[in-house]
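Inspection log for the structure reproduced underneath, given as structure tokens.
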Amino acid sequence: MIQGYILSVLYLSLSSLMFLQTKYRLQLSFVLRFSSFLVSNKNALNIFSLIGAMIFIILLFFPIPPGPRILGDLIPALMVLYETLYFFIVYGREDIKKDREYINFSKEGRKVTLGWISMIVAIVHFAFPSFVLL
């Protein structure tokens, strides 16, 4: 399904920008607004997570031809699943709403690395849609 492909590239790109917002805060101010909206609005977070889960299922069972089922888009599917679970768990916590200005600098490097990995997966998935990403 080509729609799943487009949605997965968009979801991976947005998620990578959300990971990179801690380091590149001034350049990514629109992503900062979106992430604070997800933290403050539980329904929006649930919808964002539901969209991620649906994209994960679409990538597993309906890969871009000639990819085989389940293994065709495995790396983008696993990245979407990881990002969906990460944002649902981390942004859904109650203590993040109390300490909005607190930044955990010890995990900033890990989040930036995940952001770059997610961006690379999105670019490779976009540039080579029929490439079997095992």
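Given their separation in residues at 0.36 nm each and the Cα-Cα distance between them, Phe126 and Leu14 gain 38.9 nm when the chain is fully extended. Estimated at 0.36 nm per residue, the fully extended path between Asn43 and Leu71 surpasses their Cα-Cα distance by 6.9 nm.
Taking Lys and Arg as +1 and Asp and Glu as -1, the other residues whose beta-carbon sits under 14 Å from that of Val121 total -2. Ranked by solvent-accessible area (1.4 Å probe, protein heavy atoms only, all chains present), the residues Glu108, Glu83 order from largest to smallest as Glu108, Glu83.
Taking other residues whose beta carbon is less than 12 angstrom from the beta carbon of Ser15, and scoring Lys, Arg as +1 and Asp, Glu as -1, yields 0. When all protein chains stay in place and ligands, DNA and RNA are ignored, the 1.4 Å accessible-area order of Lys42, Lys111, Lys23, largest first, is Lys23, Lys42, Lys111. Calculated FRET efficiency, Gln3 and Leu78, Cβ-Cβ r, R0 25 Å, to nearest 0.05? Once the sixth-power term is evaluated, E becomes 0.80.
Note on surface exposure: Phe131, Phe37 rank Phe131, Phe37 by accessible area, highest first, 1.4 Å probe. Rolling a 1.4 Å probe over the protein chains gives Leu74 an accessible area of about 50 Å².
Multiplying the residue separation of Arg25 and Trp116 by 0.36 nm and subtracting their alpha-carbon distance yields 31.3 nm.
The values are calculated or read from the model by the stated rules, or taken from the named source; none is laboratory data. Computed from a predicted structure; not experimentally measured. Here Cβ is always computed from backbone atoms with ideal geometry, including for glycine, and neighbour counts include all displayed protein chains. Protein only, heavy atoms only, side chains kept; ligands, DNA and RNA dropped before computing areas. Shrake-Rupley method; radii C 1.70, N 1.55, O 1.52, S 1.80 Å.
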